[in-house]
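Asks: Mind looking over this structure? Questions follow.
The values are calculated or read from the model by the stated rules, or taken from the named source; none is laboratory data. In this text the structure is predicted, and so the values were computed from the model without any measurement. Cβ sites come from the backbone with ideal geometry, for glycine too, and all protein chains shown count toward neighbours. The area values use the complete protein model at the heavy-atom level, side chains included, leaving out ligands, DNA and RNA. Shrake-Rupley method; radii C 1.70, N 1.55, O 1.52, S 1.80 Å.
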Amino acid sequence: KLAAQTELLAREPQTQYVITRMRFVLEPGHDAPPGFKRELLDTDHPAYMPSALLARKQVFETLGVFVTSLEIASDVEWFARAKDRQLILGIVPEVMLFKRVHNSNLSYLDSHTRRFNREVVVLLKQSIDRQRAQKAAAKTE
């Protein structure tokens, strides 16, 4: 994984951070959690997850680190900031991360779903506000 990511960064010096593709795998003997879309098990996806991330040092100098005050969605918040700053993303085309899906996944536990949804709504608003501010600043330049 790291070799493929560092090779991409070396080949594409404008790329600032790299993720891989991932695939969800249903844990044997477990049902998919409520709310999990079973069709996600049939294809691979870009892995917007810290475990799939390799970033140049200056990305963290620009964006900062993952926000630890968020209970569940700190990765969502970090990747939203990277997108809003228009940092250049590279994606290794091979699946290099497998995420186990089971009925105890934190993101799907009923006790955490409402918290996750609240955090994501706040993060979406923050992202929209950042994008609006960038557009306003671009108009004044």
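Asks: For the range 40-91, run through the GluC sites (Glu not before Pro) and keep only the ones in DSSP coil with at most 12 other Cβ atoms within 10 Å of their Cβ.
Replies: 71
Asks: Can you tell me the length gained on complete extension of the stretch residue 91 to residue 37, counting 0.36 nm per residue apart and subtracting the Cα distance?
Replies: Using 0.36 nm per residue and subtracting the Cα-Cα distance, I get 17.1 nm.
Asks: Taking the Cα centre of the range 55-105 as the origin, how large is its charge dipole in debye, to the nearest 20, when only Lys and Arg (+1) and Asp and Glu (-1) carry charge on their Cβ atoms? Don't skip to the end; give the middle numbers.
Replies: Values: 7 positive and 6 negative charges, 26 e Å.
Dipole magnitude for the range 55-105 comes out near 120 debye.
Asks: In the chain, what percentage of the DSSP-assigned beta bridges are antiparallel, given to the nearest 5?
Replies: Taking every DSSP beta bridge within the chain, about 35 percent pair in antiparallel fashion.
Asks: Based on the Kirkwood radius over alpha-carbon pairs, what value in µm²/s does the Stokes-Einstein equation return for the translational diffusion coefficient of the chain at 10 °C and 1.306 mPa s?
Replies: It comes out at roughly 94 µm²/s.
Asks: Suppose all protein chains stay in the model; what accessible area per residue would a 1.4 Å probe give for the chain, in Å²?
Replies: Counting only protein heavy atoms, the per-residue value for the chain is 63 Å².
Asks: Can you give me the % of accessible surface on the chain that is carbon or sulfur? Probe 1.4 Å, all protein chains present, nothing else counted.
Replies: Carbon and sulfur together cover 56 percent of it.
Asks: Using the Karplus curve 6.51 cos²θ - 1.76 cosθ + 1.60 with θ = phi - 60°, what ³J(HN,Hα) values do you get for each residue of the range 129-141, in whole Hz, with x for Gly and Pro?
Replies: Residue by residue, the range 129-141 yields 4, 5, 5, 5, 5, 5, 5, 5, 5, 5, 5, 7, 7 Hz.
Asks: Straight-line reach from residue 37: which lysines have Cα under 24 Å away, leaving out those fewer than 8 places along the same chain?
Replies: 99
Asks: Quick check: pseudo-label points 7 Å beyond the Cα along Cα→Cβ at residue 138 and residue 65, how many nm apart are they?
Replies: For residue 138 paired with residue 65, the spin-label model returns 3.2 nm.
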